[in-house]
1. Quick check on my filter: what residues within the range 122-141 are farther than 29 Å from GLU79 by Cβ, free of Cβ contacts under 8 Å to residues at least 60 places away in the same chain and in a helix (DSSP H, G or I)?
2. Out of ASP161, ASP151, I need the residue that is at pLDDT below 75 and either in a helix (DSSP H, G or I) or buried (at least 16 other Cβ atoms within 10 Å of the Cβ) (or both). Which one?
3. Report every pair of residues separated by at least 6 positions or lying on different chains whose Cβ atoms are under 7 Å apart, first residue within the range 176-194 and farther than 13 Å from LEU211 by Cβ, second assigned to a helix (DSSP H, G or I) and acidic (Asp, Glu).
4. If only one of ALA119, ALA105 is at pLDDT 75 or above, assigned to a loop (DSSP other than H, G, I, E, B) and surrounded by 13 or more Cβ atoms within 10 Å (Cβ to Cβ), which one is it?
5. Quick one: GLN205 ticks every box in (1) over 30 Å from TYR83 (Cβ atoms); (2) at pLDDT below 85 except a single one, so which number is it?
Amino acid sequence: MQSTAAAQHAPLKAALQDDITLRHLDIAESVARSFAAAGPEAADIRQVAYLGLVKAVQRFDPARGIAFASFAVPTISGEIKRYLRDSCWVVRPPREVQDLRTEIARTAPAMAQRLGREATARELGLELGRPEHKVLEAQAAATSLRPVSLDAPSEGHPWADTLASGFGGVERSDDMLSLRGAVNDLGDGEKELLYRRYFMEQTQQGIGDELGMSQMQVSRALARILVKLQKRLLGAPATAERQAVRSGTA
C-alpha cells in the first residue's frame, strides 16, 4: 500500500521540486558568481550551480526547521568546489593554490566595489592575510583551468607561430655569452634585483618590502642596472670565451 501511495504522489512531488528549483535559480546564480563572475569557466560553473540547486531541493527536509536558502547555499558551494577540484583543472595546481584562487574570486569583486578599482595583489594579500607572491601565484593558476591553445589567434597569427626563433644556434649562443658576461660584471645586489624582478617575476613593491626599499628606489635601481647592461652589450668587444666557442676550443 505504501509503495502504491508513493507512486501516486511521485508526479506531485516532482512538480513541487521543479517549482521550488525554478523559484530559487537566483541563489544558484549568486553562488556561481562568487566563484567566477566572468571568464570562459563562468558558464560551466553556473551549470554546476544549477545541478547543486536541484540536489539541494531533493535533499531538503523542512521538518528540520532550517530555511531552504541556508541549506541550499552550502550544498551548491560544495558541488562547485568538487567540480573545480576534480574535473575542471587541465593542469592541477596544489590544493592550497586552488583554495586561495577561490578566496580571491570571492573577495576581489567586493574590494573593487569598495576601492572603485581593481585591487592589487598586495591589497588582496593584506585582505586575506596571505603573502603577495602567493596571491600572484594563485591568480596565475587561472590559466591551468583552460590553457590557451597554441592554435589560438594572437594579433592575427596562431600563438605557435610566435614561438619560432629567427636566430641560428651560433648567433644565439653568441648573444647569451655576451649577456652572461655583462651580468657577471654586476654587483651581488644588482644581480639579486634582476633575479627577483625578471626570474621570480616579483613586483617592484614586493621586492621593496622584502629588501627594505621603497618601490621608487627599486624602480630607479632596476633602471640603472638595465642601462648598465645595455651599454655593456652595445660597447663590449668579443671576449676570449666567445672566440673560443666560435673556434670550437671551449
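1. Residues satisfying the conditions are GLU123, LEU126.
2. Working: ASP151 fails: either in a helix (DSSP H, G or I) or buried (at least 16 other Cβ atoms within 10 Å of the Cβ) (or both).
Going through ASP161, ASP151 in turn, just one is at pLDDT below 75 and either in a helix (DSSP H, G or I) or buried (at least 16 other Cβ atoms within 10 Å of the Cβ) (or both): ASP161.
3. Sorted first by the residue in the range 176-194, then by its partner, the pairs are LEU177/GLU241.
4. ALA119
5. (2)
Conditions tested, residue by residue: (1) modelled with pLDDT under 85; (2) outside the structural domain of GLU132 (by TED's automatic domain parsing); (3) part of a helix (DSSP H, G or I); (4) not aliphatic (A, V, I, L, M).
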{"site": "LEU179", "(1), (2), (3), (4)": "yes, yes, yes, no"}
{"site": "VAL183", "(1), (2), (3), (4)": "yes, yes, yes, no"}
{"site": "ARG197", "(1), (2), (3), (4)": "yes, yes, yes, yes"}
{"site": "GLU201", "(1), (2), (3), (4)": "yes, yes, no, yes"}
{"site": "MET213", "(1), (2), (3), (4)": "no, yes, no, no"}
{"site": "MET216", "(1), (2), (3), (4)": "no, yes, yes, no"}
{"site": "ARG224", "(1), (2), (3), (4)": "no, yes, yes, yes"}
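The values are calculated or read from the model by the stated rules, or taken from the named source; none is laboratory data. Note that the structure is a prediction, hence the values are computed from the model and not measured. Quick reminder, even Gly has a Cβ in these numbers, built from the backbone with ideal geometry, and neighbours come from all protein chains shown.
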